[in-house]
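S.K.: Have a look at this one.
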Amino acid sequence: MNPASFQDRKNPRTPTQDDKNLNKSLNCEVQHPVDLNHVRQLHQDILSVEKAQRMAEFFSLLGDANRLRILSALAKQELCVCDLAAIVRMSESAVSHQLRALRALRLVSYRKQGRNVFYYLKDSHVLNLYREVAEHLDEPED
């Protein structure tokens, strides 16, 4: 029996075009009962294409080791460009370039104090994300 042929037994109603399209897209090789209400709900709950694209760009930005090293320094304390450059052993120009990219996706922000500009992680979400990934990578392998 094809999974797409299962009827939604919990909530019988006239199928919509979306239901028919969803039924056609269910192509599991293993035959099993399908709870179409559950599948419909999952379909509505997953990331939108737009948000998935934004998240992909976000994670792509974090795919650079130099940016991650800058984030790791800023996870400890706020720093100016010259201190960041010394810590990560990059030129101030290169660090500034990376900071612009990080600012564009709202990962870091800055504050001015006189002629000095200090950078810091934008909010606790960024810090938590950094810490969670670092902790995950430190876990022993199974």
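S.K.: Looking at the stretch 77-91, which of its residues are part of a helix (DSSP H, G or I) and surrounded by 15 or more Cβ atoms within 10 Å (Cβ to Cβ)?
M.R.: VAL81, ASP83, LEU84, ALA85, ILE87, VAL88, listed by residue number.
S.K.: Look at the stretch 61-72 and say how many of its residues are assigned to a helix (DSSP H, G or I), modelled with pLDDT of 90 or more and either surrounded by 11 or more Cβ atoms within 10 Å (Cβ to Cβ) or among the hydroxyl-bearing types (Ser, Thr, Tyr) (or both).
M.R.: Selection size over the stretch 61-72: 7.
S.K.: Taking ALA101, is it small (Gly, Ala, Ser), surrounded by 14 or more Cβ atoms within 10 Å (Cβ to Cβ), under 22 Å from the mean Cα position of the chain (by Cα) and not in a loop (DSSP other than H, G, I, E, B)?
M.R.: Judged against the criteria, ALA101 is a match.
Quick grid of which residues meet (1) in a helix (DSSP H, G or I); (2) under 26 Å from MET55 (Cβ atoms):
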site: ALA75; (1), (2): yes, yes
site: SER93; (1), (2): yes, no
site: LYS112; (1), (2): no, no
site: ASP142; (1), (2): no, no
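The values are calculated or read from the model by the stated rules, or taken from the named source; none is laboratory data. Quantities reported herein were computed from a predicted structural model and do not represent experimental measurements. Ideal geometry is used to build each Cβ from the backbone, glycine not excepted, and the neighbour counts take in all protein chains shown.
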